[in-house]
1. So which of 65, 30, 75 is surrounded by 12 or more Cβ atoms within 10 Å (Cβ to Cβ), in contact with a helix residue (DSSP H, G or I) (Cβ under 6 Å, 6 or more places away or on another chain) and modelled with pLDDT under 75?
2. On the basis of being over 20 Å from the mean Cα position of the chain (by Cα), modelled with pLDDT of 80 or more, assigned by TED's automatic domain parsing to the domain that holds residue 153 and surrounded by 14 or more Cβ atoms within 10 Å (Cβ to Cβ), does residue 81 make the cut?
3. Considering only segment 106-122, I want to know if a residue exists there that is outside any helix (DSSP H, G or I), out of contact with any helix residue (DSSP H, G or I) (no Cβ under 7 Å at 6 or more places or on another chain), in the same structural domain as residue 84 (by TED's automatic domain parsing) and under 23 Å from residue 33 (Cβ atoms).
């Protein structure tokens, strides 16, 4: 029968020492665990920041047409001032999705390189599993397209000339 410790920090200290010894025995697993935690913390922080900025705090401009005026004034594409709704929508989508495809290309390349390092930890899955890579890529493209489309649709509904006259 084990004796209960009267000081909980003593148990915590022995648990931390055991964890450090276990992680030092397998450095690849330790690296993988640390990277996974770092990515999880980074993703959580990013999502919280987006929700906090977009949903919880109002825009700096009271009228969204002022945002169109700011974009039109800073945009090198002066042709947008007389463009149709579809042309503006396509232009903004093209700008956003260009960065997404660059990120997917870099991410796929890195996942193939890093996947070989962690191939022993993947059970029942190869590091270059085409179904997983294509599925994750298409999921990212769909979410990014929606994230680009919603503000682009909102911006394309406003008349830039009217926004510039008011701004």
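The values are calculated or read from the model by the stated rules, or taken from the named source; none is laboratory data. Remember, it's a predicted structure, so these values are computed and weren't measured experimentally. Virtual Cβ from ideal backbone geometry, glycine too; neighbours counted across all protein chains shown.
1. Working: 30 fails: modelled with pLDDT under 75; 75 fails: in contact with a helix residue (DSSP H, G or I) (Cβ under 6 Å, 6 or more places away or on another chain).
On inspection, the qualifying residue turns out to be 65.
2. Numbers: over 20 Å from the mean Cα position of the chain (by Cα): yes; modelled with pLDDT of 80 or more: no; assigned by TED's automatic domain parsing to the domain that holds residue 153: yes; surrounded by 14 or more Cβ atoms within 10 Å (Cβ to Cβ): yes.
So residue 81 does not fit the description; no.
3. Step one: filter segment 106-122 for residues outside any helix (DSSP H, G or I), giving 118, 122.
Then keep just the ones that are out of contact with any helix residue (DSSP H, G or I) (no Cβ under 7 Å at 6 or more places or on another chain); that gives 122.
If we keep only those that are in the same structural domain as residue 84 (by TED's automatic domain parsing) too, we end up with 122.
Narrowing the set further to residues that are under 23 Å from residue 33 (Cβ atoms) leaves 122.
Yes, some residue in segment 106-122 is outside any helix (DSSP H, G or I), out of contact with any helix residue (DSSP H, G or I) (no Cβ under 7 Å at 6 or more places or on another chain), in the same structural domain as residue 84 (by TED's automatic domain parsing) and under 23 Å from residue 33 (Cβ atoms).
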